[in-house]
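Only one structure is covered here, and it is reproduced in the block below.
The values are calculated or read from the model by the stated rules, or taken from the named source; none is laboratory data. Since the structure is predicted, the reported quantities are computational estimates derived from the model, not experimental observations. Glycine also receives a Cβ, built like all others from the backbone with ideal geometry; neighbour counts cover every protein chain displayed.
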Amino acid sequence: MTSSSHSLISRRSGALKSALVLPGDKSISHRAVMLGGIAEGDTVIEGLLEGEDVLHTVAALQALGAKIHKDEKGSWHIKGAGLEGLGQPKQTLDMGNSGTSARLLIGLLSSRPFTSAFTGDASLCKRPMERIITPLTQMGAQFVSEKDRLPLKVTGGSNPQSITYTLPVASAQVKSAILLAGLGASGVTTVIEAVPTRDHSEHMLRAFGVKLTIEKQSGGAEAISVSGQVRLRGRKVTVPADPSSAAFPLVAALLRPGSHITLGGVGLNPRRAGLIETLCEMGARITIHNQREEGGEPVGDLTVDGSELKGITVPAVRAPSMIDEYPVLAMAAACAQGTTRMCGLGELRVKESDRLTLVAEGLKDCGADVEIEGDDLIVTGAGEPPPGGAQIVTAMDHRIAMSFLVLGAATAEPIKIDDGSFIATSFPGFVETMNRAGMRIELA
C-alpha cells in the first residue's frame, strides 16, 4: 500500500513509538535546485525531498538547460547552465500542484529574454498569480493569462529593471519571486515586508554567492535587497528534514497517551518554528536536543511525548511562521481542553484549497465545536478527541488529507479521506512512515 492510493481510512491507534526519518525540507529543496540550475559549476544536494512538487522543479530546470541527475547513493548533482545560459523551454513547464515552483520560476524567468509557458493541475490553476504579476510587470516582464491564473505565458524584458516593492501581503513566495527576478535586472532590487516571512531564499542566495543585504526598518519591517547581474557559484547543500512534514507525526504523538517518538534533523529556522512554539504553549512535551547547523540552517532532533493540551490564543503575527501547519494544529486544538483561537488566517483561503473552510467543515463533521469569525478559526475542545466517524473532502490538498488522518488516530470512530493521492507532493511514504510509528492507516 502507498500513500498514492486514493481513499484512505485512519483508525484509532495505541501509543506511537518510533525514531522517524523524515523527508527533506520542501522549501529549501526547491530553492537548492533552482539556484544550482542557474549557478556556474557543480552543485551537490544531499537530502533532497523527492516529492512530486520538487520533481516538477527538477524537470523545469532540465528543460531550461541544467544537467541534473541522481547518483547511486541518493545525492543529486546539478551542472548549472548559468543565469545567462538558460534557454527557452521547448515545452510548457508543468508545475503540478506546486505554488512554490510556479511563483519562484515565473519570477526567475521574468528577467530572461524569451517566452516561457506555465501550467499546473486543477488546484494550482485556481491559485492567484496577480500578486507576482504586478511587481514583475513593473520590472519589464509581459504576461498573457486569463484572470491572472495559470496557465500563463511570461516574456522577460529585454532590459529588466530593478524595483523597490512593498509586499501588500506577507508571502515568502512573492518576496522570493521578486528577488530571483532581480538577479537578472540592472541595479539593486529591494523587497520591503512589514511582517518577516520565511527567509530560506535569503540564506540560499547568499550561499550561492549573491550579494544580499537586509536592513531593519521602523515597526519591525525589513528591506531585503539583491544586486543584479551577478554570477552564482555551485556548492554543496544539505537539506534538513522538513518541519512542515514533522508536524504530522509530532501532533499524532501528542494526541496518543504514552507516545514517545524522535524526529531527527528537523529544520528549526525561527521563521518556520511557530508550530513548536504554539504547541509548547498548549502544554506539549517537546524536547529539542543536538542543535546544530546544516546548509546554513539551524536543525535539531525532537523528542515528543503524549501530552494533555490546553486551548490558547495564537496571535496573527505568528501566522507567517506556521501558515502551512494550521490544519494539523486545528486537529490538536480539537483534542485540547478549552478554546483555541487561531487569528489572522486569511492566507489559508488561497492555498492549495480554501483550507480555512475545509478544516472547519471537516472538524464539524467529526463532532468538534468549530467556528470561523472573519479570518479567525476558533476550536473548542473538551480535553478529549471528538467522536470522528466522518468522510473528509480534501479538495486535492495534501495537508488537509494528512491532518485528518492524524486526527483519526485519536478519535473513537475512524476518519476517512476521499483522496490521498496528493500526499506524495510533499511527503512521499507518509502512510508507511506513520504506520511504522504505530498509526493504523489503510485503504478504504
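Some points to look at:
- Of the residues in the range 304-314, not one is modelled with pLDDT under 95, assigned by TED's automatic domain parsing to the domain that holds A412 and not small (G, A, S).
- Total residues in the range 120-159, condition among the charged types (D, E, K, R), in a strand (DSSP E or B) and either buried (at least 18 other Cβ atoms within 10 Å of the Cβ) or touching a strand residue (DSSP E or B) at 6+ places or on another chain (Cβ under 9 Å) (or both): 2
- Any hit, the range 81-93, residues being assigned by TED's automatic domain parsing to the domain that holds R233 and within 25 Å of F430 (Cα to Cα): no
- Test for T134: is it among the polar types (S, T, N, Q) and touching a Ser or Thr at 6+ places or on another chain (Cβ under 6 Å): no
- Candidate set: the range 88-119, residues that are without any contact (Cβ under 8 Å) to a residue 60 or more places away in the chain and under 17 Å from the mean Cα position of the chain (by Cα); chosen: the one surrounded by the most Cβ atoms within 10 Å (Cβ to Cβ): A102
- Counting only residues that are closer than 30 Å to E50 by Cα and modelled with pLDDT of 95 or more, the range 225-238 holds 7 of them.
- Subset of the range 246-282 (residues that are of a type outside the set (V, I, T), part of a strand (DSSP E or B) and either under 28 Å from I415 (Cα atoms) or not assigned by TED's automatic domain parsing to the domain that holds G306 (or both)): H260, L263
- The residues of the range 409-422 that are in a helix (DSSP H, G or I) and under 16 Å from L358 (Cα atoms) amount to a single one, F422.
- Considering T166, T92, the condition of being touching a Phe, Trp or Tyr at 6+ places or on another chain (Cβ under 8 Å) and modelled with pLDDT of 95 or more is satisfied by T92 alone.
- For the range 283-316, a tally of residues being hydroxyl-bearing (S, T, Y), surrounded by 15 or more Cβ atoms within 10 Å (Cβ to Cβ) and in a strand (DSSP E or B) returns 1.
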